[in-house]
Amino acid sequence: MSPNGSDRSSRRPMRRKLHLALAAGLVLATATGCTYKDYPRLGMPSPITEEAPRILSLWQGSWFAALAVGVLVWGLILWSAFFHRRSRTKVEVPPQTRYNLPLEALYTVVPILIVGVLFYFTARDESKLIETSDKPDHVVNVVAYQWSWGFNYIADVDGDKSSDNTSDKELDAIPDRMVKSFPEGAEGVYDVGTPGERNPQNNDPGPTLWLPKGEKVQFVLTSRDVIHSFWVVPFLMKQDVIPGHVNRFEVTPDKEGTYKGKCSELCGADHSRMLFNVKIVSPERYQKHLEDLADKGQTGYIPAGTATTGDAKNAETNNP
């Protein structure tokens, strides 16, 4: 057999493998069940709060920046591989270049610029997302514990300003600077869950947190035991729930429905069972839910968590 015939026969298995690889890639790309509407979000769920599109935009921008860098790098690799490969008719070693100062300077400056731009947009959006109001429309103290969630609705349910109960010892874990944002006359109601509890509408496990559509809700996050993390998936953000340190953030829900939430911090043996639901309803229905909790006798508050003591209790007074 001629050398040329041998080369052709040796390349055939490689071509077959390449075709199989391309076919497998096509199957993986088309068998994910995604519609064209899912691709612009790049794997993120559809946002359900007024703040979430900011996170989605940052996510998309990061992906596009990474893709641009990838295309540039892939292009340089392919260009070098195809246009600087050794010719079959020449066997001498091509000229060797030890260094190129302009290229080395470029390879240093460009990554610094990329990181700087990403840092700017991340810091800008993060500072906006953790801003909190002095007087939000609603305040909910989210209490995490092994292995479920409790919700203290810090609200004036009965309309009587004299029935304020925000100085209750059960809320001692919350710093005074955060208590100032609580509504006046809030006697409060609560709901507490267990891992075996299920939502009656969708049969999903965990307790259900109710929120009003179109009104700003401030979450005050406390833990009774270990570090947890409060994550409502379509909020597109989460925040740690730390014993002895209280975090908080705000959202304005803008889509009614029932959504999934979970603990996203490995917190022990039954971490996977720390699930909950979020039900977004009209403000009128939300108020009716609070009244129903009061009618059931679930007034006041459950213990918020490990108390923050000493200088740390009111530290970071300028921090949201």
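Just a few scattered comments:
- Average accessible surface area per residue within the range 120-214, 1.4 Å rolling probe, Å²: 45
- Annotation: amide H-H contacts under 5 Å for Ser148 (H modelled 1.01 Å from N, sequence separation of 5 or more, or interchain): none.
- Taking amide H positions as modeled 1.01 Å from N, with prolines and chain starts lacking one, the residues under 5 Å from Trp231 and 5 or more places away or on another chain are Lys262, Ser264.
- The range 193-294, dipole about Cα centre (Lys/Arg Cβ +1, Asp/Glu Cβ -1), debye to the nearest 20: 140
- Residues with amide H under 5 Å from that of Asp158, placed H, sequence gap 5 or more: Glu187
- Rg over Rh [alpha-carbon atoms, Kirkwood Rh] for the range 36-177: 1.27
- The relative contact order of the range 210-273, computed from alpha carbon pairs under 8 Å that lie at least 6 residues apart in sequence, is 39 percent.
- The radius of gyration of the Cα set in the range 213-282, together with its Dmax, comes out at 12.6, 37 angstrom.
- Shape parameters for the range 178-315, alpha-carbon atoms, Rg then Dmax in Å: 15.3, 45
The values are calculated or read from the model by the stated rules, or taken from the named source; none is laboratory data. Because the structure is a prediction, the values reported are computed rather than measured. Cβ atoms come from the backbone with ideal geometry, glycine included; neighbour counts cover every protein chain shown. Side chains included, ligands, DNA and RNA excluded: accessible areas come from the protein's heavy atoms. Shrake-Rupley method; radii C 1.70, N 1.55, O 1.52, S 1.80 Å.
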